[in-house]
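A short worksheet on the structure shown next.
The values are calculated or read from the model by the stated rules, or taken from the named source; none is laboratory data. Not measured: the values here are computed from a predicted model. Virtual Cβ from ideal backbone geometry, glycine too; neighbours counted across all protein chains shown. What goes into the accessible areas is simple: the full protein's heavy atoms, side chains included, and nothing from ligands, DNA or RNA. Shrake-Rupley method; radii C 1.70, N 1.55, O 1.52, S 1.80 Å.
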Amino acid sequence: MFAVLNEAQWEFGLNWLHHVKKAGMDYYVLAAADPQTSAKLAALGEPCFERFDDSAAALGLRWGEEGWRRLTWSKVFVLDSIVDYGFNLVVSDVDVVWFRDPTELLDRFPRADMLVGLDHGSSDNLPGDSGLEVSFHPNGSDFNTGAYLLRHSKNVSDWAHAYAKYFDQCPSHDQVCCYRLVRTEGVEPLPQEPRIFRVWHARITMAAIPVSMFESGHTLFLQQLHKEKRVEPYGVHATWTYGGLEGKKARLRDLGLWMVDPPGYYKQGSFVAVDLQIPEPPAAYNQWQENEDMVALHLAALAAQLQQAYVGWALAVAANRTFILPKFVCYCEKTWYGTVRCRVFDAQGYPLPVTCPTDYVFQPDQFAQGLEEVAGTVMDVREPPFLEHPRTSEAVKASVLTIRPSAALDCTDCVREERGPDGQMVVLVPPALKDRQLLPLLAPYQRFRVWRLSLDGVGAPSRAFGGFAQQAAAAAFDRRMERILTTWCCRREDEAPRYHKQRAIEEQLSMMPEFSFSRGPQHSSAAAA
């Protein structure tokens, strides 16, 4: 197994190594793409070699630029240099998490020379079918070159060399060019094994691993497709994510698969969480057929959740605590193109709503980026399942105080202690207090590592916490809130005119659809929805 690693993806490389070793796969090697990565790998004692492309950075590394294209081909150039050594090969990106050794697939399917993963939204294999993907066809299926297996043979070596030479003829990235290379005349299934196809002038054979067994960020996080199909996955590729590397990292954190944070990330500090009030989905929601009705419900439900999170986040900032992102509920997917019944077109069967991936809602790279006077208060956050992570200290998990603003208190300078159903401490505080009034009341409870804000006792999020006594603090907080959210996408262009939504194919999300601490009540389209 080999992967190519550069300085920008260093943390992903460490995460890749963690899971490869955990899965007992000891036959790996890394190709260092720059001197810094080479030095770091050597210092760790990891098996590696150098494969530098000194001109890539000068050609531009943003998506679509020539330097970026060259980097996508780096695995192909490495493959070209080692394919004649006589080994079966696993080619992997470093944003892949391996759960178990995939090389057994070469033993299970001896007539397949090349096994690829897919970018599909679902699998047509029946539950319990752990075989190759039944609906795969090389000429029509979007396979993914982020991870694939090759069986050694002369024809496979010839194909790999031809692939590397194709770089000069094909102006796109490696995956699109792989499509063009294998889709030649003579693409047809084997007579006795119709899930395996002859490709590349009928010289090699190719088949696909179902997305229930080699999963994507979509099929694992949103669908848990391996459970529906009753199969055991080999790994997950952090595709179907948003926001670049930080979005991929956020999705792996959401899955509990990001394992390279230092121990202090899980053991140090104090935190604020917020219990969102989420309405039950409408009856028969999953039988709804009108996409716009589902989109409108999703945007309204998410806006209400974001406003609640805004209040909890403000309390965290005021108290100088780290904010644990809540588990937002999504009634609709996010994708790059128009949704069908709020889902990707080829994944219509799974039930909504689902827990939102962090990168569906936020731009994780914006939590702490930029100077405060421009970008606002720097935020320290933890992922939604932080308190469930096995590395999170039990001292943190066991030290939880529920804070419940309540109009049942007829004072502004007192609290009342209760015990919740789970036996944990609950403290009732007066509603709508600003930080200068509320924090002194909570001072005796600083020993609790987690403050969990409950909105059960108030009728609106604005009544839970009154925000910042200093206008400058409120303005700085709101500047950051305005930067961190992403957009929801997308309405279908063919149906948008029916609802006068031609200019709202994509919708900007807001943390403050109803009110903000610096400007008061809002009058946004999100609030109106």
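Among the residues of the stretch 134-149, the ones that are open to solvent by 10 Å² or more (accessible area, probe 1.4 Å) and within 20 Å of the chain's Cα centre (by Cα) come to 1 in all. When Gly520 is tested against the conditions (1) without any contact (Cβ under 8 Å) to a residue 24 or more places away in the chain; (2) open to solvent by 30 Å² or more (accessible area, probe 1.4 Å), the lone failure is (2). Looking at the structure I just gave you, is Val176 open to solvent by 30 Å² or more (accessible area, probe 1.4 Å) and out of contact with any Pro (no Cβ under 7 Å at 6 or more places or on another chain)? When the stated conditions are applied, Val176 passes them.
Report yes if Asp158 is touching a residue at least 40 places away in the same chain (Cβ under 8 Å) and open to solvent by 10 Å² or more (accessible area, probe 1.4 Å), otherwise no.
yes
Scanning the stretch 56-114 for residues being under 22 Å from Glu232 (Cα atoms), assigned to a helix (DSSP H, G or I) and either open to solvent by 10 Å² or more (accessible area, probe 1.4 Å) or of a type in the set (Gly, Ala, Ser) (or both) gives a total of 3. Scanning the stretch 16-23 for any residue that is touching a residue at least 40 places away in the same chain (Cβ under 8 Å), touching an Asp or Glu at 6+ places or on another chain (Cβ under 9 Å) and either of a type in the set (Phe, Trp, Tyr) or open to solvent by 50 Å² or more (accessible area, probe 1.4 Å) (or both) turns up at least one such residue. Need the failing condition index for Asn15 against (1) of a type outside the set (Val, Ile, Thr); (2) over 19 Å from Tyr163 (Cα atoms); (3) at pLDDT below 95, just the number. (3) is the only condition that Asn15 fails. Do any residues in the stretch 380-404 that are in a strand (DSSP E or B) have Cβ atoms under 8 Å from those of residues that are surrounded by 14 or more Cβ atoms within 10 Å (Cβ to Cβ) and of a type in the set (S, T, N, Q), where the two are at least six apart or on different chains, and which pairs are they? Note: pairs meeting the criteria are Val381/Thr322; Arg382/Thr322; Val400/Gln424; Leu401/Gln424; Thr402/Gln424; Thr402/Ser454; Ile403/Ser454; Arg404/Ser454.
Output yes when any residue across the stretch 431-448 is over 30 Å from Val344 (Cβ atoms), assigned to a loop (DSSP other than H, G, I, E, B), in contact (Cβ under 8 Å) with a residue 60 or more places away in the chain and in contact with a helix residue (DSSP H, G or I) (Cβ under 7 Å, 6 or more places away or on another chain), and no when none is. Looking through the stretch 431-448, none of the residues is over 30 Å from Val344 (Cβ atoms), assigned to a loop (DSSP other than H, G, I, E, B), in contact (Cβ under 8 Å) with a residue 60 or more places away in the chain and in contact with a helix residue (DSSP H, G or I) (Cβ under 7 Å, 6 or more places away or on another chain). Scanning the stretch 49-66 for residues that are in contact with a Ser or Thr (Cβ under 9 Å, 6 or more places away or on another chain), free of Cβ contacts under 8 Å to residues at least 40 places away in the same chain and more than 24 Å from Gly243 (Cβ to Cβ) yields Phe49, Glu50, Phe52, Asp53. Only residues that are over 27 Å from Gly520 (Cβ atoms), open to solvent by 30 Å² or more (accessible area, probe 1.4 Å) and either at pLDDT below 95 or in contact with a Pro (Cβ under 8 Å, 6 or more places away or on another chain) (or both) were counted in the stretch 420-445, giving 4.
Take residues that are farther than 19 Å from Asn88 by Cβ and modelled with pLDDT of 95 or more and tell me which of the strands (runs of 3 or more DSSP E) falling wholly in the stretch 144-239 contain 1 or more.
Per the criteria, 197-199, 214-216, 235-237.
The number of residues in the stretch 343-385 that are buried (at least 19 other Cβ atoms within 10 Å of the Cβ), closer than 13 Å to Phe221 by Cα and polar (S, T, N, Q) comes to 1.
Scanning the stretch 352-375 for residues that are modelled with pLDDT of 95 or more, in contact with a helix residue (DSSP H, G or I) (Cβ under 7 Å, 6 or more places away or on another chain) and not in a helix (DSSP H, G or I) yields Leu352, Val354, Pro357, Phe362, Gln363, Phe367. Summed over the stretch 267-314, the residues that are without any contact (Cβ under 8 Å) to a residue 24 or more places away in the chain and surrounded by 23 or more Cβ atoms within 10 Å (Cβ to Cβ) give a count of 0.
What is the residue count in the stretch 457-474 for residues that are part of a loop (DSSP other than H, G, I, E, B) and out of contact with any strand residue (DSSP E or B) (no Cβ under 6 Å at 6 or more places or on another chain)? Looking only at that region, the number is 5.
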